[in-house]
Amino acid sequence: MAADIPEVRTTSWLDDEETKEKIPDAQADVLEKGSLDHGAKKPSVWKRVLVGNASEDNETKRAMQSRHLTMIAIGGTIGTGIFLSAGSAIAVAGPAGALLSYFTVGVFCYGVVISLGEMAAYIPVSGSFATYGSRFFSPALGFTIGCNYWLQCELTAAAVILQYWDSKITAWEWALVIITPIFLMQLIHVRVYGESEYWFAMIKVLMIIVFIFVGLIYDWGGVHGHPGPGLSNFQNGQAFIGGFSAFAQTFVYAFYSYGGVELVSLAAGESASPHKAVPRAVRATFFRIVIFYILTMLTIGLNINWQDPTLLNAASDSSVAASPLTVVFQRAGFGAAVHVVNAVLLTAVLSATNSCFYASSRMLLALARAGQAPRIFGWVNGRGVPVPSLLLSLAVSFVTFLTTIWGEGVVFTWLLNLTGISSLLVWGTIGIISLRFRAAWKAQGRPLADLPYTQPLFPVLPLITIVLAVAMFAAQGYASVVQQPFSARNVVATYIGLAVYIACYIGYWLYELLWLRKTQHMVPLMEVDLDTDAVWAPGEGVRIREEEAAAWEKRDATDVAEGRRARVWVRKVWRVLT
């Protein structure tokens, strides 16, 4: 009976985390409300699915576990770029040029993720860096990177599908086949996103690891009857081709491949234990970059010559046979691998689209809750799903494909450039926000021990992020101007992202000044909000970590007493590695 159900009220999601995980969602909702309304008329199926009890007062659910965030960090960003367009970078700048480009962008991304992880572990919110920009710098900056990131996610989803489409099926039909089921999955619960991304990422990670092993063994002549090229592709002036201009052009392919490194910070807002899960996830960033990007590019460069037509075809040819991964497998004697790569590539498309829908809807939700977007997009239903934001993302995704009247190749090139520049600007801004966060932390006399995760070498990583962002943007601008044959389209595609960024910032600043009558633009350091949505109150960090450590020791002692020493050993190794 309803009267027999006690009313449960918790002061913090951290306090009853384990209890919440054990209670089914429906039962948990009953416990939180404390009563059941048996007389209320049930809404229609469509209303329950699409809207539910949508309200501005509802919050997203902290339902993603540590394993979800870890796998999203490790493999969630392995998109179609590494399977297809990565070969184009080698064809443009040579194997060493492409490798250096991916390494440079990898260092840049590492700085971004570590800087962002420090803030996300302490203040885990769905809006992530847009919220941090508004709090730690100015509302205009938060609005600017929020809008740019939302647009970037929408364009990335379109670019991914355009790149994969088959000549027998139009891009519009591919959009229906891929976007519709992903949208329906997003409507269910955030746990569905976390679980689906976990398995999508697992498949991609296994594929990349197998490819690296097979590719290196083949190159070293380890496959009987299939002699590998050895180091021939890096000799006789073939390592670097096209000079600095060609090298700069490859940045856009690298950004497209790395896109999504910031997903961990967005997902932190719906993580069950962000103060532990986020640090664990961001620590895996270095190994992810080295293994899944640097080694993959090295393997492709060793096995396929930069003049091989399959490299350039991979970015535009709809056949998966053009993928560098497939080419290497076939030359190593694994001809049937084309079917496996095809299945994994479809998984990568679904994963990228899934992540883009999640990221864009959460970013729009955060903007609406901050008063920087229409209030209706701040509505969340009873399952914690921002339905209006998802519906807009769906609409924009479909509208994007109307642009294919100009040709899929033309649209893909534009989307590739726009998403690359947008990523560069947003990620570079995160370095500025990180410096501002630490400045406010120091100004308010907060101890670093109160942060769940402290970035190493501060302020080196944020400064490297900012410097590399400026340098790479200048390099891409230079490459678009000197590229032969000259194309005004390439110049516009490079600089239009910057124009959108500046327009958003100035536009919102003028809105504040003229409409809201706010004369104070930048948030003073002593007024920066470091408490709202924080995982713990000031001074509690050390105590909570000591309690958690004591709980671990007690658990280990219990297992040792019961003869389960192997389990204790595995747990200790896992804690060290993560």
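The values are calculated or read from the model by the stated rules, or taken from the named source; none is laboratory data. Everything quoted here is computed from the prediction, not taken from an experiment. With ideal geometry, Cβ positions are generated from the backbone for all residues, glycine too; neighbour counts draw on all protein chains shown. In case anyone asks, the SASA skips ligands and DNA or RNA and just uses the protein heavy atoms, side chains included. Shrake-Rupley method; radii C 1.70, N 1.55, O 1.52, S 1.80 Å.
Numbers below:
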| item | result |
| --- | --- |
| Where the range 65-513 is the region considered: accessible area per residue in Å², 1.4 Å probe | 33 |
| Whole-angstrom gap from the range 348-387 to the range 450-519, using each part's C-alpha centre | 23 |
| Anisotropy class of the range 467-567 from Cα gyration tensor, a/c 1.5 cut | oblate |
| Order by protection proxy (mean Cβ within 10 Å, highest first), peptides 98-107, 454-463 | 98-107, 454-463 |
| Mean-position separation - Cα centroids, the range 93-142 and the range 239-268, in angstrom | 13 |
| Largest to smallest principal axis extent of the C-alpha atoms in the range 65-513, angstrom | 65, 45, 45 |
| Förster radius 30 Å - calculated FRET efficiency between residue 550 and residue 59, Cβ distance, rounded to 0.05 | 0.45 |
